[in-house]
Amino acid sequence: MPCFNIHSLRTCAGALVLVLSVACKQDGDEGRGGDGSDGGAQVGVDSELGVVGSVRDAGEVQDAIAPVDASSVEGEGCLEVITWTDVDEVQYRRRTWDAMQRILTEMRSETPTSAAFMTLRWRYADDGRIHAYAGSDFQHDYRYDEQKNLTDFRLTYPDGPDLTKPSEAAVWVGRASDNQYSPELRLIESVETSYGDGGSGAKPVRRVYSEEDERCVRIEASVDGVTTDVETRSYYEDGSLFTVTNTGEGVVGNWCASRTRTLVYHDDGTLASDTSSCVGGSTSSSSYSYLSDGSVRIERHDGLTDVSGRQNSVVTRTAECLEIDAAIGKRADARCRVE
């Protein structure tokens, strides 16, 4: 007999509905994959103990490792712990925030106390736009126009990445955007041109933008006059994003001709679930639980990945991580943007 958690969620019309989510799963239960299609992996989750079992493609029930709770690990500051529940693998990500330079540093390790095997850094504008992103041997640089739309992106491999200034190394992949505006400064069109040794073969992409009530509702992309992708968006009554649907050639690889992302929120406006579904394909989903200590737990199923052992995971983030998210900031409107 399964047990359930009850959540009150907001529908597109703004009404409240009660949603039952499986909280535990008994051994031997079988069903369709977590993406709603045959061949996915369905995960049973207990709200206290974590993942207790998974149904593999062949229908075999196996024990999964218990996810690590970031709040239980000694140490201060932001800690994000990712537990891949189909394999015995855990990754720890510690984040620090330099408020003066607006630089986020993330150090990844295999144990809570081991040295980082990877360090990544981002520098942000005050509205959450990325100015630069770098690892040990690469750097991304972003430039924007006065309307805060991207005009240039560059991937380089400098000898010493430095987020405080644009890299002067040769561009491996670059994208330049020529943005056009209406007299009211509404974005109406952009043409993206690739350059650099790693991107010079791509043809220019033209995008046409449509807004309603100062909300972006449609983006149509074309190459050589032929439409390649159409993105449509819908919103809740309060302006929160509800759905994003992409239809066209190769939306995901070359096999997903149409994909819809759906966002659902809790009563207080925090994200409850984020689901992406391919027509005739698989589904990826993330569900969010906010705990009394200020931390968040995210249960993920990735039906789109082909990487073994990466289909199911549990992510826990301490309260300090959410504070950093808030400090980074985000866009204040839903206008069409070049990003």
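The values are calculated or read from the model by the stated rules, or taken from the named source; none is laboratory data. Note that the coordinates shown come from a computational prediction; the quantities given were computed from them, not determined experimentally. All Cβ positions, glycine included, derive from the backbone under ideal geometry; neighbour counts span all protein chains shown.
Table for the structure above
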quantity: Region 272-310, residues that are hydrophobic (A, V, I, L, M, F, W, C), modelled with pLDDT of 95 or more and within 15 Å of the chain's Cα centre (by Cα); calculated: A272, I298
quantity: Any pair with Cβ under 6 angstrom, 6 or more apart, that starts in region 317-333 at a residue that is surrounded by 17 or more Cβ atoms within 10 Å (Cβ to Cβ) and ends at one that is among the β-branched types (V, I, T); calculated: R317/V296
quantity: Any hit, region 254-265, residues being charged (D, E, K, R) and either more than 16 Å from V315 (Cα to Cα) or touching a strand residue (DSSP E or B) at 6+ places or on another chain (Cβ under 9 Å) (or both); calculated: yes
quantity: Cross-chain or 6+ apart pairs with Cβ under 6 Å, region 126-145 first and crowded, with 18+ Cβ neighbours inside 10 Å and in a strand (DSSP E or B), then at pLDDT 95 or above and of a type in the set (K, R); calculated: H131/R123; A132/R123; A134/R121; D141/R154
quantity: Condition check for A115: touching a strand residue (DSSP E or B) at 6+ places or on another chain (Cβ under 9 Å), surrounded by 14 or more Cβ atoms within 10 Å (Cβ to Cβ) and of a type in the set (G, A, S); calculated: no
quantity: Matching residues in region 290-331 - criterion: being of a type in the set (V, I, T) and in a helix (DSSP H, G or I); calculated: I324, I328
quantity: R175, sole failed condition from (1) modelled with pLDDT of 95 or more; (2) among the basic types (K, R); (3) surrounded by fewer than 16 Cβ atoms within 10 Å (Cβ to Cβ); calculated: (3)
quantity: Qualifying residue in region 215-227 (condition: part of a strand (DSSP E or B), surrounded by fewer than 18 Cβ atoms within 10 Å (Cβ to Cβ), among the polar types (S, T, N, Q) and modelled with pLDDT under 90); calculated: no
quantity: Residues being closer than 24 Å to T151 by Cα, over 22 Å from the mean Cα position of the chain (by Cα) and of a type in the set (D, E, K, R) - total across region 221-245; calculated: 1
quantity: Per-region count, region 87-112, residues modelled with pLDDT of 90 or more, buried (at least 16 other Cβ atoms within 10 Å of the Cβ) and assigned to a loop (DSSP other than H, G, I, E, B); calculated: 1
quantity: Residue among G199, G174, G160 that is within 19 Å of E339 (Cα to Cα), free of Cβ contacts under 8 Å to residues at least 60 places away in the same chain and not in a strand (DSSP E or B); calculated: G199
